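Notes to accompany the following structure.
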Amino acid sequence: SAIANPSSLGGEPEVVIVGGGIVGLVLTIGLLRVGVKVKVYEQARSFREVGAGIAFTANVIRCMNLIDPSIPVALRASGSVATSNGGAEDPDDYLRWIDGYERHREDPRKQRLFYKLSAGPRGFEGCRRDQFLESLVKCIPPNVVELKKRLDTIEDRGEDQKLLLTFQDGTTAEADAVIGCDGVKSRVRQILLGEDHPASRPSYSHCVAYRTLIPMAQAIEALGEYKATNQHNHVGPNANLLHYPVANNTMINAVAFIRDANEWPDDLQTVAVGTRSDVQAAFEGWCEPVRDLIERFPDTMSKWAIFDLWEFPVPQYNNDRLCLAGDAAHATSPHHGAGASQGIEDALCLSTLMCGVVAETREHPEAKAKALTAAFRTYDAVRRTRSQWLVNSSRRVCDMHQQAEWADDAKITKAETVFEEMRDRTFKIWHFDYEAMLKETLQGYKQRRGR
Ligand code: FAD
């Protein structure tokens with residue numbers, strides 16, 4: 001072995017986080033705050049995320065604040081704005097679903113609002129991912145994050161010794177525990193479950209997303225001021241078009257979700273170059289404002305094949321001193337817009353547990369491995385059902401957005417009956433009782449440790 005005398009356990013818990021995406025970095029800040037020694041290994045050369053938008057609900061921003069108050073500050077420093085602009089008359093943020101299909105009305109620019117849900121004042125805040133990541137990195141001391149480190153293997157050399165990680169460049173590292181925040185194609189998940197396990201690979205959701213940012217002035221030309229400056233989801237047969245303002249209202253983030261009956265070959269990159277004409281073809285027969293907006297899409301843009309863990313969910317998020325968080329544990333299609341938010345809830349649960357582990361190992365250093373194992377078991381028990389529900393529910397929401405009935409005048413009332421269900425599902429995300437989660441987390445850990 002490369003290391004003849006592996007380090008034994010002792011001292012403060014040393015945790016490695018694999019993957020420096022949003023969840024990995026938020027968790028890093030949380031663990032540092034409770035006194036864990038953290039190292040992050042990220043395969044990329046830099047923190048360049050795609051410049052696409054991402055939104056968080058007020059509830060999740062409160063979870064961020066509990067993890068560490070610097071996180072919501074970082075979010076706001078990255079130019080996050082409330083996604084609605086109703087002015088003093090109506091300060092609430094809403095989700096709005098509107099008729100995207102062509103109905104040959106007198107005014108071809110008019111679209112009927114089917115339904116809206118209030119998330120309250122500053123109910124969501126949207127920002128650019130790359131800017132948020134940059135702000136998060138600034139909250140982390142230097143030398144915690146190492147770039148250009150792609151995890152290959154993790155070896156468990158026994159309970160009294162540290163885990164040994166090997167990277168593709170041949171270097172190694174040691175840790176008391178490893179948390180895989182390495183996204184949808186997680187290597188830690190493969191190591192935890194075995195490469196042949198069906199959940200070791202995500203599957204194609206048969207939906208592709210074309211994402212782009214459009215300058216606000218152009219969006220206003222196409223949609224009119226109100227629609228451009230407020231979140232809207234245009235629904236119709238086999239596709240939907242979602243947009244909301246980002247970057248201090250200077251741009252909108254627009255995403256066209258299009259159903260795809262074909263398979264997505266395993267060896268093909270999941271992010272490809274998409275063309276405006278692909279999008280135009282999918283939105284043929286849709287109303288004028290939607291077509292006008294698509295005309296303002298760039299000639300080419302990123303096209304994302306959406307993969308998730310719906311077909312084969314992960315049976316357990318932990319194994320001894322390994323665990324999974326964020327997309328690595330529960331990669332979801334993005335139709336609830338809450339994938340990263342689930343990861344933030346994971347990070348809150350894990351930071352709380354690690355606070356318990358730090359306290360316990362200060363008094364009982366010999367109990368470190370058992371304390372870490374109990375923490376990860378508790379995490380699995382607290383988080384798995386809810387986060388896997390989200391994966392399931394996101395698929396259901398996509399089906400509701402893209403019903404064939406949206407195109408059929410005779411069936412439009414039937415189509416609209418989905419909104420009661422949409423409300424219940426959305427509220428389950430927005431009104432999550434994280435205080436109850438924290439109580440369950442602390443109780444679960446205490447029970448498992450018998451202290
Ligand atoms: P990732 O962001 O995928 O990060 C994983 C990191 O691990 C990467 O940096 C990667 O380079 C690194 N890595 C991978 N393998 C290795 C390895 N072997 N060794 C070292 N490093 C490795 N969520 C929301 O909450 N709100 C939204 O509005 C929203 N909108 C979305 C819109 C779209 C179109 C999509 C596709 C998703 C959306 N999501 C949204 C979901 C959100 O993007 C993801 O849930 C979130 O990015 C997951 O974060 P993560 O840190 O778990 O994984």
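The values are calculated or read from the model by the stated rules, or taken from the named source; none is laboratory data. Values in this document were obtained by computation on a predicted structure and should not be read as measured data. Cβ sites come from the backbone with ideal geometry, for glycine too, and all protein chains shown count toward neighbours. Side chains included, ligands, DNA and RNA excluded: accessible areas come from the protein's heavy atoms. Shrake-Rupley method; radii C 1.70, N 1.55, O 1.52, S 1.80 Å.
With the condition kept exactly as written, say whether any residue in the stretch 364-373 is within 16 Å of the ligand (Cβ to nearest atom), part of a helix (DSSP H, G or I), open to solvent by less than 20 Å² (accessible area, probe 1.4 Å) and not basic (Lys, Arg). Can you show your working first?
At the first step, the residues of the stretch 364-373 found to be within 16 Å of the ligand (Cβ to nearest atom) are none.
Within the stretch 364-373 (the criterion being within 16 Å of the ligand (Cβ to nearest atom), part of a helix (DSSP H, G or I), open to solvent by less than 20 Å² (accessible area, probe 1.4 Å) and not basic (Lys, Arg)), the answer is no, since none of the residues qualifies.
Do we have any residue at all in the stretch 267-278 that's within 29 Å of THR385 (Cα to Cα) and open to solvent by less than 50 Å² (accessible area, probe 1.4 Å)?
Yes, the conditions are met somewhere in the stretch 267-278.
Any residue at all in the stretch 400-409 that is of a type in the set (D, E, K, R) and buried (at least 20 other Cβ atoms within 10 Å of the Cβ)?
Scanning the stretch 400-409, I find no residue that is of a type in the set (D, E, K, R) and buried (at least 20 other Cβ atoms within 10 Å of the Cβ), so the answer is no.
Answer with yes or no whether ALA340 is within 16 Å of the ligand (Cβ to nearest atom), surrounded by 23 or more Cβ atoms within 10 Å (Cβ to Cβ) and among the small types (Gly, Ala, Ser).
Answer is no for this residue.
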